[in-house]
1. If a residue has to be at pLDDT below 90 and either touching a Gly at 6+ places or on another chain (Cβ under 6 Å) or closer than 16 Å to residue 509 by Cα (or both) to count, how many in segment 559-578 make the cut?
2. I'd like the full set of residues that are open to solvent by less than 50 Å² (accessible area, probe 1.4 Å), under 18 Å from residue 697 (Cβ atoms) and not polar (S, T, N, Q), limited to segment 732-743.
3. So which residues in segment 694-707 are over 30 Å from residue 458 (Cα atoms) and out of contact with any Pro (no Cβ under 8 Å at 6 or more places or on another chain), if there are any at all?
4. Any residue at all in segment 170-177 that is buried (at least 22 other Cβ atoms within 10 Å of the Cβ), modelled with pLDDT of 90 or more and in a loop (DSSP other than H, G, I, E, B)?
5. Consider segment 722-731. How many of its residues are aliphatic (A, V, I, L, M) and open to solvent by 30 Å² or more (accessible area, probe 1.4 Å)?
6. Taking the condition crowded, with 16+ Cβ neighbours inside 10 Å, in a loop (DSSP other than H, G, I, E, B), in contact (Cβ under 8 Å) with a residue 12 or more places away in the chain and among the polar types (S, T, N, Q), does residue 602 pass?
7. Name every residue in segment 306-324 that is of a type outside the set (A, V, I, L, M) and surrounded by 19 or more Cβ atoms within 10 Å (Cβ to Cβ), in order of residue number.
8. Out of the residues in segment 645-655 meeting the condition of being surrounded by 16 or more Cβ atoms within 10 Å (Cβ to Cβ) and in contact with a Phe, Trp or Tyr (Cβ under 8 Å, 6 or more places away or on another chain), tell me which one is farthest from residue 735 (Cα to Cα).
Amino acid sequence: MKRSTTPRPGRPRSFRRLVTGAVALGLAVSTGPLVSPAAAAPAEPATRASAQDAALKIAPGSEIVSAGSTGFLTVDPQNDVLWTRYSDGTTTKLARDYGQFTHTTAHGSVSDIVALGNNPFIGASDRITLRNMATGATTLVDLKKYGYRYLGTVEGQVFGAKKTDVGEEVHILGLQGGELTDRTVADRANASYKYQVVAGAPGKALLRCDLHFSPGIAYSAIDLATTKGFSGRNMLGYSNKLATALSSTHMASVGEVMYDELHLETNELGNLSEPRKTPLPGIHVPTMGLVGDWALYGNRRKLTHGSDPEDMAFRAVPINGGTARKVMDHATSTTPAPDGSLLVMGGTVAHGEGLYRISAKAGDEAPSVELVAGTGEPTKIGLLGSDIPAAQPDQRRWHPRWQLSRRNATVIITLRHRASGKQSQYYVNPDLPDRQGPGWVDLEWDGLINSGTRHEAAPNGDYTWELTAKPRNGIGPDLHEQGTFTVDRRPAPHDYTGNGSPDVLVRDQAGRLSLEDTYHDPLNPQLRSTDRKTVGGGWNIYDRITAVGDVAGAPAGDVVARDAAGVLWLYLGKGDGTFAGRSKIGGGWDAYDEITGGSDLNGDGRGDLLARDRSGVLWFYAGTGDWRAPFATRKRIGGGWNAYDSVTAVGDVAGASAGDVVARDRDGVLWLYLGTGDGKLGSRVKIGPGWGQYRQLVGVGDSDTDGRADLLVSTPGGSSYVYHGTGNWRAPFASRQLTGINTPSHETIA
């Protein structure tokens, strides 16, 4: 991203023009007081790391701090500073830092000697213990005694800064001939201050300082043997560099050029020519290093960071110019090694997360990359585990779970019904997507499936699920996982399509029978229906059409219809929204002026039929499960039912053990009769007045999948409402809700 060229507050544009000339630090050497060696505090007991094929094992989330010939230093997420031996993976805890402090030279650089301070923030320490991890020897360097400020350590040489009247002078304290010496690196101009040791390399250290004589910053490479600086431009910067690196032949940095995008600058040691500048689009938080004739750079990004693939890769570019090549998928920290290689904490899709060694190769061939120590984490998104129910529980949501190796992913879950090809797709966020480490993806499937541009309740049958996890930062390929599950709901009284949701049968004036499959939209809680599907014509020969549930042993609801001659006919539901050819039940049914069904009154799991004769007696016909004789001999329930103009079997709305019945009297008052479970009904309970406004009352079944039956009503104007069952016999229905089902006055519903 191109940065703004607007001057920053307090930083005029003239600031950059004042420091365009080269500045070299003149250096001299003097001998100072000796510092006595002392024993360091014993380290915590060592622990043996487990073997991991071709690599050692390190803690996930660790960062590289420094490296020697026999091992490397890391800091883990608990801020423990740990030394790991190459030979056997043994890990020793040395200290606990203020944070994951990965300053290149704070704990030492390019050496087996580790610098440990007397302050959790090592930069504030004034007593530095040098511990040689190869030999076990320790040396105490007391900076406080001489008033030195700690700058860093390179190859066991401790850098300190001492205030002067005009700035600072730099001292190097280290073993010379077996004794500690204090050597002064003096700036002949005596005009520099705020020194830092920002990088180390075999035999060299890179110093940064602010300049008194001009508002600029100078960088100078120091030879540790002579304490002399290399002549040349020495990486004079317009502003503070965001990252720097040093090798035996070159210096490099990443910084701004006139408030523009970041650039990589490389300069050969001792070369007076202008540094080579390479623009780095997309780099904002750089980390870098030098290997042979290659400069390596990238954003300091963890797997959980970033949303642009181009921002994440760690690349190598020839120092003298050329095409950059990706060597790792991402990097979080780097440190040089004594052999001239670079250790990088990060990851590759091929080998996962861990510590890698990048080494120079002969000719123009790109540097090689080798895994040194692994965390056991994949760099590409992986599936760590899952919990996939084999079937959707009846009347409940299907809740599968998948555990991903990292959370910053866009997850798409596709559910597909094998028989029909209908599918639904869901975009699901992992839990706490901004956190590091593995995370779960949960789907609470509402049981709906796409049907064209609308939804419908998912049909029973076999399903496939497919999970696609797309890395938001572009690291690695998409993860694809798939499996199967089934939906097998028990037959519902008004379900003719085998999906567990109620269906509404609508007959128009022409005698055409249509079906509307309902579904409950959880985002906009309302009972809705799919587009009508024609069942067939000629249904105007019947004066009664009644849904009776499963009375014939099939896995779908059935319908009975009475013709003008009083003959009752059975239509067996096939489970696909159609019916088999009619079969005759018998004659004499014109003795009844009210027929209602679909409620299981005797608790045997089959739908039953209620019929009221013209004298007001209510009769009970138990379903048999045999389509040849679907109803048993009738049984008398009781008289006086001619007080009602509507009698409706509604199923269990009041929490009892069997189906219930509601009846509306001539004054519009609705009454509840609780089923007793033996084909009989208890005493009536008053529900309330005002029900005379409705043209039809239909026991539609469980329309919102809460396990309780509901009541569908229609008005003369064509609107319809649903009253959801509460399970409370004292108040069996909740307040009415408008539905998306429209039935004009010339249509009847069943």
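The values are calculated or read from the model by the stated rules, or taken from the named source; none is laboratory data. Keep in mind that this is a model prediction, so the values were computed, not measured. Here the Cβ positions follow ideal geometry from the backbone for every residue, glycine too, while neighbour counts run over all protein chains shown. Heads up: the accessible areas ignore ligands, DNA and RNA and are worked out on the full protein's heavy atoms, side chains in. Shrake-Rupley method; radii C 1.70, N 1.55, O 1.52, S 1.80 Å.
1. 2
2. Step one: list which residues in segment 732-743 are open to solvent by less than 50 Å² (accessible area, probe 1.4 Å), which gives 732-734, 739-741, 743.
Filter once more, keeping what is under 18 Å from residue 697 (Cβ atoms): 732-734, 739, 741, 743.
Hits for segment 732-743 are 732, 733, 734, 741.
3. Going residue by residue through segment 694-707, those that are over 30 Å from residue 458 (Cα atoms) are 694-695.
Once the filter is applied, which keeps residues that are over 30 Å from residue 458 (Cα atoms) and out of contact with any Pro (no Cβ under 8 Å at 6 or more places or on another chain), segment 694-707 yields only 694.
4. There is no residue in segment 170-177 that is buried (at least 22 other Cβ atoms within 10 Å of the Cβ), modelled with pLDDT of 90 or more and in a loop (DSSP other than H, G, I, E, B).
5. Number satisfying all stated conditions: 1.
6. On the way: crowded, with 16+ Cβ neighbours inside 10 Å: yes; in a loop (DSSP other than H, G, I, E, B): yes; in contact (Cβ under 8 Å) with a residue 12 or more places away in the chain: yes; among the polar types (S, T, N, Q): yes.
Yes: the conditions hold for residue 602.
7. Of all residues in segment 306-324, those of a type outside the set (A, V, I, L, M) come to 306-311, 314-315, 318, 320-323.
306, 311, 314, 315, listed by residue number.
8. 647
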